[in-house]
Structure formats: structure tokens, C-alpha cells
Amino acid sequence: MATSTLPAPSPANSRFKTILWVSLGLTTLFVFITSEVLLVTDYPMYHAYRLQVIADRGLLVPHTLCGTFALLAGPLQFSSRFRQRHLKLHRILGRMYFLSVILGAFTGIALAAGRPGLPGTAMQGTAWIICTTAAVIAARNRQIAVHRQWMARSYAVTFTFVSSRVLNLVPAYWSHLGDVLSAVGVIAFTLVSILLVDLGLNWHELTTRRT
């Protein structure tokens, strides 16, 4: 894993961050409409899944609330302007994010217990906890650059709850081919998300020859 410091903010970097967050926001809105809204309206393709959601609501409600908080808190926590102006609130939200990850991961694993999808959910939850815990440890040690890197990895795992549902409307998509393939898909999305973040963190070093 990379331990180099993050590049200094620049106009190009700011534009990239704006495009990134807008893209993630639009993706989240699309998934909310095509997955959650259609789930509530009992979309025929989701009927069996809807019945499962209703049966699992005792664990699913806290899992969803924790995941939603982590998802929405991310953009605010990554804002340099917010962090500089409201450092105390940034730290409070960071602690809440950490607790949300722990509760969200364990309730997710509990939901998958006894089902074929457990390996994928367990791997996703474990990666979520490890990345977030590493970020917290780095922050406590005042290793801020490393803290930001691990938080980026943590949020990448957080966003897999959205990215893994982008193609839900496609009948042939893996999530409709059974729990085993769903587990493989969750593992793949998690690993690819972390890999993409690491490539981004090291992009300057990978594309610049040292003199």
C-alpha cells in the first residue's frame, strides 16, 4: 500500500474532485431510483428479494441506516474547506463514520449468515472494517496523509453498496443469477474499488519519471 503524501491541491485536482463527486452522486441517485424505489413499488423482478427484505428488516434497518450515513458523510469528510473550517465537527463525524462502519459491517454479515452469499459479504465487511480502522489509527498517530489514503480506501468499499447495484435492472446481471455468483461479484467489486483508489493515490508516481 502507498504511504506517499498526497499531492498539493491544484485547479486541475479540484476539477477532478468535482467531476468525481458529481459522478458518484448521479450514480447514487440512479441506483436509489432503480433499486430502492422499484423495491418499494414491488417491481416484478424484485418480488422475491422484496419478501426477503421484509423478513430481514430487524437487521436490515440498522444496516441500511449505518451504510447511508457512511455514504453521505464521505463527501463532507473529504472536503478540505470543511475540514479546515470545522475541524472539531470533522472529528465528530469521523467517529460516527467509524461506528457506522463497524455496525454496518457486522449487521451485514449477520444478514448473510447461513446463506451462500456469506463469503462475499464477510470479505466486504472485513475490508470495510480494516480500511476504516487503519484510517483511525493513522489519524490518532497524526499521520494525516496516510489517514486520508486509508479513508479513501474505506469510502471505496462504502461505495460498493451503490456500484454493485448499478446493473440491477439488467435481467442477466449476476445479482439475478444466484447467491454464489452474487458473492463472487461482491468480492470483485470490493477488490477492484480498492485497487482503483490505490492507482489514483499513486498516479503521479506511476506516470512521472524521477530525475
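The values are calculated or read from the model by the stated rules, or taken from the named source; none is laboratory data. All values derive from a computational prediction rather than experimental measurement. Neighbour counts run over all protein chains shown; Cβ positions are idealised from the backbone, glycine included. Heads up: the accessible areas ignore ligands, DNA and RNA and are worked out on the full protein's heavy atoms, side chains in. Shrake-Rupley method; radii C 1.70, N 1.55, O 1.52, S 1.80 Å.
Among the conditions (1) at pLDDT below 95; (2) loosely packed, with under 15 Cβ neighbours inside 10 Å, ILE137 misses just one, which is (1).
With respect to (1) within 16 Å of the chain's Cα centre (by Cα); (2) not in a helix (DSSP H, G or I); (3) not small (Gly, Ala, Ser), the lone exception for ARG210 is condition (1). Within segment 89-108, the set of residues being in contact (Cβ under 8 Å) with a residue 12 or more places away in the chain, open to solvent by less than 80 Å² (accessible area, probe 1.4 Å) and out of contact with any Leu (no Cβ under 6 Å at 6 or more places or on another chain) comprises HIS90, LEU93, GLY94, TYR97, PHE98, SER100, VAL101, ILE102, GLY104, ALA105, GLY108.
The criterion of being open to solvent by less than 70 Å² (accessible area, probe 1.4 Å) and of a type in the set (Lys, Arg) does not hold for ARG57. The set of residues in segment 191-207 that are over 14 Å from SER163 (Cα atoms), polar (S, T, N, Q) and within 21 Å of the chain's Cα centre (by Cα) contains only ASN202. Within segment 183-201, being at pLDDT 90 or above and within 16 Å of ALA105 (Cβ to Cβ) holds for THR190, SER193, ILE194.
So, ALA70, is that one open to solvent by less than 40 Å² (accessible area, probe 1.4 Å), within 21 Å of MET123 (Cβ to Cβ) and in contact with a helix residue (DSSP H, G or I) (Cβ under 7 Å, 6 or more places away or on another chain) or not? Explain how you work it out, then say what you get.
Details: open to solvent by less than 40 Å² (accessible area, probe 1.4 Å): yes; within 21 Å of MET123 (Cβ to Cβ): yes; in contact with a helix residue (DSSP H, G or I) (Cβ under 7 Å, 6 or more places away or on another chain): yes.
Criteria met by ALA70.
When PRO119 is tested against the conditions (1) out of contact with any helix residue (DSSP H, G or I) (no Cβ under 7 Å at 6 or more places or on another chain); (2) modelled with pLDDT under 95; (3) part of a helix (DSSP H, G or I); (4) not hydrophobic (A, V, I, L, M, F, W, C), the lone failure is (1).
Yes or no: GLN143 open to solvent by 30 Å² or more (accessible area, probe 1.4 Å), modelled with pLDDT of 85 or more and among the polar types (S, T, N, Q)? I'd like the intermediate steps shown before the answer.
Details: open to solvent by 30 Å² or more (accessible area, probe 1.4 Å): yes; modelled with pLDDT of 85 or more: yes; among the polar types (S, T, N, Q): yes.
Yes; evaluated as a whole, the condition is true for this residue.
The set of residues in segment 78-88 that are open to solvent by 40 Å² or more (accessible area, probe 1.4 Å) and either assigned to a loop (DSSP other than H, G, I, E, B) or modelled with pLDDT of 95 or more (or both) comprises PHE78, HIS86.
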